[in-house]
Amino acid sequence: TLRLAGQINGSGTLSLTGGAVVVDDPSFHALAMNGGTLQLYADLTLNKFVYNSGAMALSGAASALTVADDLILQSSLDFSNVSNLVLDASVVTINTGASLTYDKALTIGSIEIRNGSALNLGSNALSVGTLTWRNGGNLNASGPITIGTSMTVWPQRTIANQLLGAGNLYIGDPSDSWGYVQLTGTNAYTGKTQIRRAVLQAHENMGLPT
């Protein structure tokens, strides 16, 4: 076990490949986890976090994990032990077969869900700047989705979530195959709805903007 009681300065990456690292005063630019256990006793803010394997535990006064720029999940990671996961400005990349799981409401700057990747939020709310949901990705969330800038969906999806926010909803992709998207939730978003090489089905009282 390695115990780090002071700050790690500079713009490099702390790489953890095995064993256990205990951090009392976490301050470093980037973290790459390829095994081992990271034990935090204070809130952690990173510019970049790349996860492949290993465990992260928060103890004592630690309750928040902030990733300011890039979160890259090469394998699945459950953040449910983190009281406050802050990804407001982060670009989230979930690789094929990997998933991000969280048991509370979540705000994400930008995320693309595709090719067997998954975002698991249960019934909790999602707020997102830009969301792209396509090609085999799984959005396992039944709570409302607040769109900040845009949500792009194709090729075939049923969206039962309530859509909120001032962002735009784009159905289909003009450079890809035809899509079919069905809206079944009662929506209240105020952005525009644009159908691009796709079919949109929405019943009466689905709350599409005029």
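The values are calculated or read from the model by the stated rules, or taken from the named source; none is laboratory data. Just so we're clear, the structure is a prediction, and the values are computed from it rather than from any experiment. Reconstructed Cβ throughout: ideal geometry from the backbone, glycine too, with neighbour counts over all protein chains shown. These accessible areas exclude ligands, DNA and RNA; they are computed on the full protein's heavy atoms, side chains included. Shrake-Rupley method; radii C 1.70, N 1.55, O 1.52, S 1.80 Å.
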> In whole percent, how big is the carbon plus sulfur part of the accessible area of the chain, probe 1.4 Å, protein atoms only?
Replying inline: 47 percent
> Which net charge results when you count Lys and Arg as +1 and Asp and Glu as -1 among the other residues whose beta-carbon is under 15 Å from that of residue 104?
Replying inline: -3
> Working out 0.36 nm times the residue gap between residue 140 and residue 195, then minus their Cα-Cα distance, what length gain in nm do you get to one decimal?
Replying inline: 17.4 nm
> Say R0 is 22 Å: what FRET efficiency, to the nearest 0.05, do residue 115 and residue 180 get from their beta-carbon distance?
Replying inline: 0.70
> If the label point is 7 Å along Cα→Cβ of residue 78, which residues in the range 130-151 have backbone nitrogen under 20 Å from it?
Replying inline: 138-143
> Based on Cβ point charges of +1 for Lys and Arg and -1 for Asp and Glu, what charge dipole magnitude is obtained for the chain about its Cα centre, in debye rounded to the nearest 20?
Replying inline: 440 debye
> Relative contact order of the chain: what whole-number percent is it, with Cα pairs under 8 angstrom and at least 6 residues apart?
Replying inline: 10 percent
>> What are the extents of the Cα atoms of the chain along their three principal axes, in Å, largest first?
In response: 60, 30, 27
>> Between residue 47 and residue 104, how high is the FRET efficiency from 1/(1 + (r/R0)^6) when r is the Cβ-Cβ distance and R₀ = 25 Å? Nearest 0.05.
In response: 0.65
>> Per residue, how large is the accessible surface of the chain? Use a 1.4 angstrom probe and give square angstrom.
In response: 44 Å²
